[in-house]
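Undergrad: Okay, here's the structure, questions in a sec.
The values are calculated or read from the model by the stated rules, or taken from the named source; none is laboratory data. From a predicted model like this one, the values you see are computed outputs, not experimental measurements. Cβ coordinates were reconstructed from backbone atoms using ideal geometry, including for glycine residues, and neighbour counts include every protein chain displayed. Remember, those area values only see protein heavy atoms, side chains included, never the ligands or the DNA or RNA. Shrake-Rupley method; radii C 1.70, N 1.55, O 1.52, S 1.80 Å.
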Amino acid sequence: MLEQNFQSVYEKFKLQFFRRLFSQVREREGSLSAMEAFSVEVIHELDAPTIGQFADFLGISQSNATYKVNSLIRKGYIVKENSDTDRREYHLKLSDKFYCYNGLMQSYIDTVMARIQERFTAEELATFEHVLAVMSDELMPECDVPKK
């Protein structure tokens with residue numbers, strides 16, 4: 001039962017994200033493809049990675065990563081910024097255009113969080129917060145973002 005409930009919650013978050021994503025993805029100049037949307041999400045979670053870090057995390061070639069990054073730059077979702085320590089290296093930073101797009105998922109998370117806070121007691125919320133922290137910090141190491 002626990003596994004089924006967890007799977008159900010996970011799938012509902014995914015479906016809501018996909019619904020909102022595809023309502024934003026249009027077949028017009030400058031819009032994100034679904035793959036580009038996923039790529040920009042990864043760049044966001046990696047917090048200003050280099051192209052090499054982006055490629056390594058996804059397990060794709062540097063040339064494939066460069067192709068994806070150049071498309072996102074052309075469309076205005078990310079920018080390249082030179083590294084402070086090595087001027088030959090640059091980091092992928094998110095643009096203001098990304099932050100407009102990023103509200104897709106955050107608004108649903110905010111809605112669900114408000115419902116959770118209304119529904120559960122302070123003690124239940126503390127337990128839930130603890131469980132989520134343990135899941136994130138200990139039980140999902142393959143999803144950890146490399147430290148800079």
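Undergrad: Where in the range 108-148 is the amide nitrogen less than 14 Å from a point lying 7 Å along the Cα-to-Cβ axis of N5?
TA: Counting backbone N atoms under 14 Å from the label point, the list is 120-121, 124-125, 127-129, 131-132.
Undergrad: Here's something else I'd like to know. Amide H neighbours of T50 under 5 Å, at least 5 residues apart or on other chains, H built in the peptide plane: list them.
TA: Counting only residues 5 or more places away or on other chains, the set is L92.
Undergrad: Then there's this: Per residue, how large is the accessible surface of the chain? Use a 1.4 angstrom probe and give square angstrom.
TA: Spelled out: the 1.4 Å probe surface of the chain, per residue, equals 72 Å².
Undergrad: OK, next. How much of the accessible area of the range 54-148, in percent, comes from carbon and sulfur atoms when a 1.4 Å probe is used?
TA: 54 percent
Undergrad: Once every DSSP H run of n ≥ 4 in the chain is given -39500 (n - 2.57) and the sum is divided by its residues, what mean residue ellipticity at 222 nm do you get, rounded to the nearest 500 deg cm²/dmol?
TA: After summing the helix terms and dividing by residue count, I get -21000 deg cm²/dmol.
Undergrad: Counting only the backbone N, which residues of the range 40-56 are under 17 Å from the spot 7 Å out from the Cα of R74 toward its beta-carbon?
TA: The answer is 40.
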